[in-house]
1. Give the residue list of GluC sites (Glu not before Pro) in segment 186-223 that are DSSP loop and have at most 13 other beta-carbon atoms within 10 angstrom.
2. How far is the Cα center of segment 45-84 from the Cα center of segment 1-29, in Å?
3. Among (1) 17.8; (2) 20.0; (3) 17.3, which one is Kirkwood radius over Cα pairs in Å computed from these coordinates?
4. Under a straight-distance cross-link criterion of Cα-Cα below 18 Å, which aspartates and glutamates are reachable from Lys97, leaving out those fewer than 8 residues away in the same chain?
5. For Glu99 and Ser60, FRET efficiency with R0 = 30 Å and r from the beta-carbon atoms, rounded to 0.05?
6. Asn147 to Ala16: extension gain in nm, 0.36 nm per residue of separation minus the Cα-Cα distance?
7. Compute, for the chain, the length of the dipole vector about the Cα centre, with Cβ point charges of +1 (Lys, Arg) and -1 (Asp, Glu) only. Units Debye, rounded to 20.
8. For segment 15-32, take each phi angle, set θ = phi - 60°, evaluate the Karplus expression 6.51 cos²θ - 1.76 cosθ + 1.60, and give the result in whole Hz per residue in order, putting x for glycine and proline.
Amino acid sequence: MSARANILNKLRTSLAGTTPRPDEFDESLVTGPWRYPPEERIARLRELMEAVHTEVHQTSEGDWPARVAELLAKREITNLLYAPATPHGEQLARAWKGEAGRPALRVYDRPVEEWKAELFNDVQASVTGTLGGIAATGSLVLWPDRNEPRLMSLVPPVHIALLKASAIHDNWYNMMTDQNWAAGLPSNALLVSGPSKTADIEQVLAYGAHGPKELIVLILEDV
């Protein structure tokens, strides 16, 4: 008998005569303390995100492209990275078509190796969707895919995230169960609670060291 087989056999025989412990998981431990009335979820998320220098605006699902244009003009930003194959990307392109003075729309349409210098040095801002938000922690959940790669939210200095008000959940557990993540987990999920920041040994806080310097969240009210 090989050493591997001997070890496995000992593990199996060691369970003889034992009884598995019952599943004592108490769902209320992860959901009970972190529940909010539906009308308070937006306020809770805004409070936590604004406390860490996130800029939050509430707008409608029809008006957000105009609000994006205003925010970029205020910052004198001349280009915006977007995902044309997404519903919000299509909406943005339609809304800005023929409008003078809008930032140039840039598309992430090739492997990063082919335009790394341009992506890291020239792209000034990006706009992405979100899977939802978590009121308990003031966090966004992003689920990157081939249409909207994760570098879109990690590289440009300004990241604009679109969050539907109806997709704000009390806590992460509820979000995963309500959206049935068990049926198909993502290869990569991002939890974002504010712009990139870091502190040196003297505890001097700096923004944008390893990600966006500004995070702007547009909460889209359902109409």
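Every number in this text was worked out from the coordinates using simple rules, so none of it is lab data. Values in this document were obtained by computation on a predicted structure and should not be read as measured data. Here Cβ is always computed from backbone atoms with ideal geometry, including for glycine, and neighbour counts include all displayed protein chains.
1. Working: sites: Glu202, Glu214, Glu221; in loops: Glu202.
Hits after loop and neighbour filter: Glu202.
2. For segment 45-84 versus segment 1-29, the Cα centre distance is 52 Å.
3. (2)
4. Glu61, Asp63, Glu70
5. Working: r = 18 Å, r/R0 = 0.61.
Step by step, r from the Cβ atoms, then E = 0.95.
6. Between Asn147 and Ala16, full extension yields 42.0 nm more.
7. Values: 22 positive and 29 negative charges, 149 e Å.
Here the chain has a charge dipole of around 720 debye.
8. Running phi through 6.51 cos²θ - 1.76 cosθ + 1.60 with θ = phi - 60° gives 8, 4, x, 9, 10, x, 5, x, 6, 9, 4, 10, 4, 5, 5, 10, 10, x Hz.
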